[in-house]
Amino acid sequence: MNVEPLISIVDDDDAFRNSLVLLVTSFGYRAAAYASASEFLAAYNPHIPGCVLIDVRMPDANGLALQQSLAARALQPAIIMMTAYAEVPTAVRAMHQGAVDFLQKTCPDTEVLDAIQRALERDQANRLEHARRASIEERMSLLSHPEKEVLGLVLQGKPNKNIAARLGVSARTVEDRRARIMHKLQVESVPELVSLALQGGFCVPQ
């Protein structure tokens, strides 16, 4: 079931926050407004797609601190930073921390719309990548300890005969475990197996 994106606005300036809500909804988007970082975090649901427009200067926690908090999460939201001041060092820092854009509050409405569209594209890409990694981790978790032992030796390039000798089992047992590994990880070739295992963070024994 598709969920309509939500544009979240975090700004302690009531007038600007309300005007931004009107602007965003005039573009046809859903909007939610928050007067502080803590208020936003209390309501934030990472499973709802969208993006977050954050004011740099806020009393309880500034925009960069909120950005850092969100960046530490497994599924990071797409962020647009906004400011009423010309703050080049702050803009550079925000972009280095992964902000999609850094806008002056006096910028044209079209710039806000363009930034939101880019942020929604980033959010969609982030969600697809998160789902892909979660799928890999789930498949890796299905492997038993003996299967992980075989996988580690396969990733070292060891042939079945050497793996069998190393583990003290028959070559047929190694073949069976390799077959189960391929089935559980849903791969059809050794190159696919190697690629998926590395993407899943599998630690190759030395």
Those lysines that a straight Cα-Cα span of less than 21 Å connects to K105, excepting residues fewer than 8 apart in one chain: none
Probe 1.4 Å, accessible area per residue of the stretch 138-206, Å²: 60 Å²
The stretch 1-122 shape via C-alpha gyration tensor axes, a/c threshold 1.5: rounded
Mean-position separation - Cα centroids, the stretch 130-189 and the stretch 30-93, in angstrom: 42 Å
Beta bridges per DSSP with both ends in the chain, % antiparallel, nearest 5: 0 percent
Partners for K184 among lysines (Cα-Cα distance below 17 Å; same-chain residues under 8 apart left out): K148
Net charge, A115 excluded, C-beta distance under 12 Å - Lys, Arg +1, Asp, Glu -1: -3
Degrees separating the helix 14-26 axis from the principal Cα axis of the chain, which is the longest one: 70 degrees
Amide H contacts under 5 Å for R30, placed H, 5+ residues apart: I7
Rounded if a/c under 1.5, otherwise prolate or oblate - the stretch 73-126, Cα gyration tensor axes: oblate
Computed [θ] at 222 nm, deg cm²/dmol, the chain (DSSP H ≥ 4; -39,500 (n - 2.57); rounded to nearest 500): -17500 deg cm²/dmol
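The values are calculated or read from the model by the stated rules, or taken from the named source; none is laboratory data. Source: prediction; values computed, not measured. Every residue, glycine as well, gets a Cβ built from its backbone with ideal geometry; the counts of neighbours run over all protein chains shown. These accessible areas exclude ligands, DNA and RNA; they are computed on the full protein's heavy atoms, side chains included. Shrake-Rupley method; radii C 1.70, N 1.55, O 1.52, S 1.80 Å.
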